[in-house]
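See below for the structure under consideration.
The values are calculated or read from the model by the stated rules, or taken from the named source; none is laboratory data. Bear in mind that the values here come from a model prediction, so they are computed numbers and not experimental data. Because the Cβ atoms are built from the backbone with ideal geometry, glycine has one as well, and the counts that use them run over all protein chains shown.
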Amino acid sequence: MSRVGNPHNSYVFSALGLSPRQKPLPYSKIIRMRLTWLSVLVVAEMAVAQSHTIQNSNTAENLRGVSAVSTKVVWASGTHGTYLRTLDGGATWTASQVPGAEALDFRDVEAFSVDEAYLLAAGPGDQSRIYKTANGGKTWDLQFTNHEPKGFYDCMAFWDLNNGIAVGDPVDGRFELITTDDGAHWKPLSPITIPLAIEGEGAFAASGSCIAVRDDAYVWFATGGSAARVFRSSDRGKNWAVAATPITHGTASSGSFSIFFRDGEHGVLAGGDYQKPEQESANLASTDDGGATWKISTLQPQPFLSAVGYLDLSSGVGLLAVGSAHAALSDDAKQTKWRIYLETNLNAIGFAPPRDAWAVGPKGTIVHWSLE
């Protein structure tokens, strides 16, 4: 589980069907694209006015973490101890490495300001770590190192700057969960309150979004492998309940990869089989009762999706999902067809409600999405 395996010029590709895995096409070739394909996308653009622009990341590292503080301040993270930051909405990105972390893979970043951010490195044993900066990356404090050889931490989420939670794959039959209430020290939750994992069940460190929090105390995390379930708590992890979901599962490479709640009741869940990114299956689900029950979305198609969420939290408009083969945008999860459906390779999304989001992917790919 959780072992899921660049364009460098800014380029607007809304309604052009371009793939961020490819170099931008010359204008002469763009105007020769089939009129029928272009017409379909233009109609879609009119239905949901939006833009998506590839930004110059100044790195070729694979990126799986992104966190938007505002429409100006965004952080991202990836392989070889890399983190990135923009202070101008992505017009300029600065890439750096955490000293001594060059061998680590930062699969998650959670940022709170220009200066304050956390990084989670995912990996077996002591490769799972949490760092924090309070000065924009000038220095990083190593707050947590996993000393359990069988452990593997996947993702983290925060209610506020000082209160957060991180989840790791099961050890001795139960998921590992650690929390902080001061933004500096991490301690394990009592395993007694955590329901037993099913043999072969785990979480995925694919997008930094296998765990989600909302309001003051709600927390959910999603699983895959032999089961695709959602664990939920309304008291910051003191007590848990668990619900089965209809998301595709049954192999080590399939299950729920991303969970997102826009309030305490309404959430979305995405996943699939990362080894079969084009395979359409039951890969997107939603809930209206806080995660107690889940229904497969009527949206089609449903390829592998590693990250999902809403741009507008209050209305639930602007459902954005990305994966290693496609990215898609819809009004919400209850529609039947995506308004925008593109061929692309992206891993994670960071949202800056109500209109903006940044998605990141392999080889330094960063795409800015915006509702207009």
- Here are some residues: SER258, SER281. Which one is in a loop (DSSP other than H, G, I, E, B), closer than 19 Å to VAL322 by Cβ, at pLDDT 95 or above and of a type in the set (Gly, Ala, Ser)? SER281
- Task: Output the qualifying pairs, or none if there are none: Cβ atoms under 8 angstrom, residues six or more apart or on different chains, first residue in segment 220-233 and at pLDDT 95 or above, second residue outside any strand (DSSP E or B) and among the acidic types (Asp, Glu).
- Result: SER226/GLU199
- Query: Of all residues in segment 292-338 being among the polar types (S, T, N, Q) and within 18 Å of GLY65 (Cα to Cα), which is farthest from the chain's Cα centre (by Cα)?
  - Reply: SER324
- Within segment 73-99, the count of residues that are over 18 Å from ALA134 (Cβ atoms), small (Gly, Ala, Ser) and either under 19 Å from the mean Cα position of the chain (by Cα) or part of a loop (DSSP other than H, G, I, E, B) (or both) comes to 6
- Looking only at residues in segment 185-206 that are of a type in the set (Gly, Ala, Ser) and surrounded by 14 or more Cβ atoms within 10 Å (Cβ to Cβ), which one is nearest to ARG174 (Cα to Cα)? ALA197
